[in-house]
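Report on the following structure.
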Amino acid sequence: MTFKVAVAQFAPLKAEVAKNLDTIVEIVLQAQEEQADLVVLPEAATSGYFLEGGVLEASLSAPELVSELQHRLGKQVLRPTDLVLGFYQNDRGNLYNAAAYLELGPAEAKLKHVYQKFFLPTYGVFDEERFVSRGRNLGVLDTRFGRVGLMVCEDAWHGIMPTLCAVNGAEVMIVPAASPARDFAGKDIDNHDRYRRLFRAICEEHGVYCVNAQLCGFEGGKGFIGGSMVIDPFGDFVVQAPLAEEHLLIADIDTDLVGYARAQSPLIADLQSVWEEVKRLVDRSSF
């Protein structure tokens, strides 16, 4: 199956949820003009990332998110378009850093899935675990493009999460992220270079696509890297966005390549064949 993905790298206004939703709708409509089938936006796209004690005021329930988007879109969606975006979720008083998967159509917007971030960075400039709760479930779902794995930023830095998504059948990994630029000593921004190496390794090991949408802009003196990317199952970069600036990245995805990559390097099949033994080793591990 082939489809077109639009990756929207942008700088939301801090805590201005209504204005950011207006911008998100503009991005969706622009992507629709580019014939995109799937639109992916960054982590915390509705509010900005560094909210700390302001998370509650800028949070939305999943039904509120769908309703607000539907209200703004009206009947402007002329063709089926799926949307993934990061937002701070209020789930009956529990706050999460989440990613929603929606199906948009001419008649209505439908919520397909909400994934709640599992690994919450609480080190350096990050303080997530003070302000949001940890998710407890894997973000793997069936879509019209096949089986998809959702992760949010830090989740992809822990090899266990993409591995679990792949073992559970994901062929496309979608990773909204908000990563402040760090370490400028070399010719590249260190954490952006790490993301490039990280996603290449995930794609090569599991024979999957990775679609990464990054925030850009500044919040409280911290600049987000941008540099969003799409990487194919062989570890080759399909497209990359520029650093630091707003950009709409367009790429074609061909999920048939997943089968070809996995046939040439059947690592995921090897892992699936010994999965019960892996679970036994995990159960015997002590920390």
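The values are calculated or read from the model by the stated rules, or taken from the named source; none is laboratory data. Just so it is clear, the model here is predicted, and its values are computed rather than measured. For neighbour counting, all protein chains shown are included, and Cβ atoms are generated from backbone atoms with ideal geometry for every residue, glycine included. Ligands, DNA and RNA are excluded from the accessible area calculation, which covers all protein heavy atoms including side chains. Shrake-Rupley method; radii C 1.70, N 1.55, O 1.52, S 1.80 Å.
Where the second residue is of a type in the set (Phe, Trp, Tyr) and in a loop (DSSP other than H, G, I, E, B) and the first is over 13 Å from residue 76 (Cα atoms) and lies in the stretch 18-37, which pairs have Cβ atoms under 7 Å and are six or more apart or on separate chains?
Once the first residue is over 13 Å from residue 76 (Cα atoms) and sits in the stretch 18-37, its partners that are of a type in the set (Phe, Trp, Tyr) and in a loop (DSSP other than H, G, I, E, B) give 23/10.
Can you tell me how many residues within the stretch 61-88 are open to solvent by less than 20 Å² (accessible area, probe 1.4 Å), outside any helix (DSSP H, G or I) and over 15 Å from residue 128 (Cα atoms)?
Here the count works out to 6.
Go through the stretch 94-118 residue by residue and tally those that are open to solvent by 20 Å² or more (accessible area, probe 1.4 Å) and within 21 Å of residue 58 (Cα to Cα).
Number of matching residues: 8.
What are the residues in the stretch 173-197 that are surrounded by fewer than 19 Cβ atoms within 10 Å (Cβ to Cβ) and modelled with pLDDT of 95 or more, if any?
Within the stretch 173-197, 196, 197 meet the criteria.
Quick one: which residue in 269, 261 is open to solvent by less than 40 Å² (accessible area, probe 1.4 Å), without any contact (Cβ under 8 Å) to a residue 60 or more places away in the chain and within 18 Å of residue 166 (Cβ to Cβ)? Steps first, please.
Numbers: 269 fails: open to solvent by less than 40 Å² (accessible area, probe 1.4 Å).
From the options 269, 261, the qualifying one is 261.
Within the stretch 224-261, can you find the residues that are within 12 Å of residue 192 (Cα to Cα) and assigned to a strand (DSSP E or B)? Explain how you work it out, then say what you get.
Of all residues in the stretch 224-261, those within 12 Å of residue 192 (Cα to Cα) come to 224-229, 240-244.
Within the stretch 224-261, 224, 225, 226, 229, 240, 243 qualify.
Please enumerate the residues belonging to the stretch 36-60 that are among the acidic types (Asp, Glu), out of contact with any Ser or Thr (no Cβ under 8 Å at 6 or more places or on another chain) and either part of a strand (DSSP E or B) or open to solvent by 10 Å² or more (accessible area, probe 1.4 Å) (or both). Please lay out each step first, then the result.
Restricting attention to the stretch 36-60, the residues satisfying the condition of being among the acidic types (Asp, Glu) are 37, 43, 52, 57.
Now narrow it down to the ones that are out of contact with any Ser or Thr (no Cβ under 8 Å at 6 or more places or on another chain): 43, 52, 57.
Listed by number, the residues that qualify are 52, 57.
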